[in-house]
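Asks: Supplied in structure tokens, the structure appears directly below.
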Amino acid sequence: KRFKFPENSVELYAERVNNRGLCAIAQAESLRYKLLGGLAVRRACNGVLRFVMENGAKGCEVIISGKLRAQRAKSMKFKDGYMISSGQPVKEYIDSAVRHVLLRQGVLGIKVKIMLDWDPTGKVGPKTPLPDNVVIHMPKDDVVVHPPKEVEEYVPHVAEEPLPMAISVPV
């Protein structure tokens, strides 16, 4: 109706999230409904943080900003685990979501950032490892290297002319 599409021309397919504990959008919505239900901010955020970390995330950060309990707005950060914040890996490893909650006192902003763990299969997390990841391989078995056998070189025999004798002249 809003976009003036003809009736029955738009089809919508929805797919279930594999692991909602590692989905920032799902966790932001969950936190939103907890706050709308009247749960205390710290309790709701710590619950989300614990749930995310139990589901295998490498790190999580929840930021809530707005009028929390008082007239003066402030922001609260809840962090756990390891979180990167710069470079190309952020685009692959960090899942983030922003939501707004309309409460009686005003609007609260919710930011949820989840750092996924490296997954070689690529199902739960990114396939590419972090660039600073160091892999130490087991040393290979030592192969004994024998020094090459000394072989006499063939030197062609050239008949040398005898050098002229130097004549010593007494001075």
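Asks: Within region 37-59, count every residue that is of a type outside the set (D, E, K, R) and either within 14 Å of LYS77 (Cα to Cα) or in contact with a strand residue (DSSP E or B) (Cβ under 6 Å, 6 or more places away or on another chain) (or both). Outline the logic, then answer.
Replies: Residues of region 37-59 of a type outside the set (D, E, K, R): 37-41, 44-49, 51-53, 55-57, 59.
When the remaining residues are screened for being either within 14 Å of LYS77 (Cα to Cα) or in contact with a strand residue (DSSP E or B) (Cβ under 6 Å, 6 or more places away or on another chain) (or both), the result is 41, 44-49, 52-53, 57, 59.
Number satisfying all stated conditions: 11.
Asks: Taking into account only those residues within region 1-45 that are of a type in the set (Gly, Ala, Ser) and either part of a helix (DSSP H, G or I) or surrounded by 14 or more Cβ atoms within 10 Å (Cβ to Cβ) (or both), which is modelled with the lowest pLDDT? Steps first, please.
Replies: The initial filter retains those residues of region 1-45 that are of a type in the set (Gly, Ala, Ser), namely 9, 14, 21, 24, 26, 28, 30, 37-38, 40, 44.
Within this subset, residues satisfying the condition of being either part of a helix (DSSP H, G or I) or surrounded by 14 or more Cβ atoms within 10 Å (Cβ to Cβ) (or both) are 21, 24, 26, 28, 30, 44.
Values: GLY21: 88, ALA24: 93, ALA26: 94, ALA28: 95, SER30: 94, ALA44: 94.
Only one residue fits best here, namely GLY21.
Asks: Quick one: how many residues across region 46-69 are part of a loop (DSSP other than H, G, I, E, B) and buried (at least 16 other Cβ atoms within 10 Å of the Cβ)?
Replies: Narrowing region 46-69 to residues part of a loop (DSSP other than H, G, I, E, B): 55-58, 67-69.
Now narrow it down to the ones that are buried (at least 16 other Cβ atoms within 10 Å of the Cβ): 55, 57-58, 68.
Total meeting the criteria: 4.
Asks: OK, next. Filter region 12-57 down to the residues that are of a type in the set (Lys, Arg) and over 17 Å from MET115 (Cα atoms) and list them by number. Steps first, please.
Replies: First pass over region 12-57, keeping only residues of a type in the set (Lys, Arg): 16, 20, 32, 34, 42-43, 50.
Those that are of a type in the set (Lys, Arg) and over 17 Å from MET115 (Cα atoms): ARG16, ARG32, LYS34, ARG42, ARG43.
Asks: Okay, next question. Which pairs have Cβ atoms under 7 Å, sit 6 or more apart or on different chains, and link a residue in region 76-102 that is under 21 Å from TRP118 (Cβ atoms) to one that is among the basic types (Lys, Arg) and at pLDDT below 95?
Replies: That search, which allows pairs on different chains as well, returns GLY81/LYS58; TYR82/LYS58.
Asks: Can I ask one more? Given (1) in contact with a Ser or Thr (Cβ under 8 Å, 6 or more places away or on another chain); (2) at positive phi, identify the lone condition not met by ASN8.
Replies: (1)
Asks: Scan region 83-102 and tell me whether some residue there is at pLDDT 85 or above, within 28 Å of CYS45 (Cα to Cα), touching a Gly at 6+ places or on another chain (Cβ under 8 Å) and loosely packed, with under 13 Cβ neighbours inside 10 Å.
Replies: yes
Asks: Please count how many residues of region 1-40 are closer than 20 Å to LEU103 by Cα, touching a residue at least 40 places away in the same chain (Cβ under 8 Å) and of a type outside the set (Asp, Glu).
Replies: Number satisfying all stated conditions: 7.
Asks: Give the residue that is nearest to GLY109 (Cα to Cα), with candidates limited to residues of region 70-92 that are touching a strand residue (DSSP E or B) at 6+ places or on another chain (Cβ under 6 Å) and not in a strand (DSSP E or B).
Replies: Step one: of region 70-92, the residues touching a strand residue (DSSP E or B) at 6+ places or on another chain (Cβ under 6 Å) are 73, 75-83.
Still in the running and not in a strand (DSSP E or B): 73, 82-83.
On the way: ALA73: 11, TYR82: 23, MET83: 20 Å.
Top of the filtered list is ALA73.
The values are calculated or read from the model by the stated rules, or taken from the named source; none is laboratory data. All values reported here derive from a predicted model rather than from experimental measurement. When we count neighbours, we look across all protein chains shown, and the Cβ atoms used for this are built from the backbone with ideal geometry, even at glycine.
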